[in-house]
Amino acid sequence: MPKKKTKQKNPRAPPVPPQDGSDECSCTCGCECHAPPSTGMPIHILSDVCHRKGWHEPEYSMTQSVNGYLATVSLRNTLPSGESIVLPFEAPGSLRAAFTDTEEIAKNNMAMYVLFCVGEHNSDLPRGWRGLWKREFEKIKARDIKEGRGWMYSGDLFRAYKSWQDSLLASD
């Protein structure tokens, strides 16, 4: 009769996040905080979020300049009334990570910004993008809300946009 195999517990302790609030881990143990950034990429997470919320697949467009690649993303949804709304997201001028050396990173940076706007706080993001979230996006959000673009940070983005548009038309 064959012996039963028992699972051995992983003897390594879980990684400890940096205490200084940075995104850099100083350990050299090869723990999961050093996993390659191929899993949980922001473009894939945004696609999943759009699917889960019943929105159309995000559409990316790229431009290239002397500064590098710049991505924009458009989100599309059809409201229950049958009205189709397209929301283009462009990188705010203050976003330092907007221009990058590769198209893939530019798309991921924009997807990350959109994920932040729709309130998808996901801990499965690669470490570099989590740092971008903490450092820059909170400042951009505060400025947007102050300038009347708070609808961009609603969980129900398209209804909030429609309400914002209707209130603008009513005030005219």
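Each reported figure results from applying straightforward, stated rules to the coordinates on display, with no laboratory input. None of the values given here were measured: they were computed from a predicted structure. Cβ coordinates were reconstructed from backbone atoms using ideal geometry, including for glycine residues, and neighbour counts include every protein chain displayed.
A few notes on this one:
- In Å, descending, principal axis extents of the Cα set of the stretch 40-119: 43, 25, 19
- Net charge contributed by nearby residues that have their C-beta within less than 15 Å of residue 78 (K/R +1, D/E -1): 0
- Net charge of the neighbourhood of residue 57, taken over other residues with C-beta under 11 Å away and scored Lys/Arg +1, Asp/Glu -1, is -1.
- By average C-beta atoms within 10 angstrom, highest first, the peptides 60-66, 166-172, 151-157: 151-157, 60-66, 166-172
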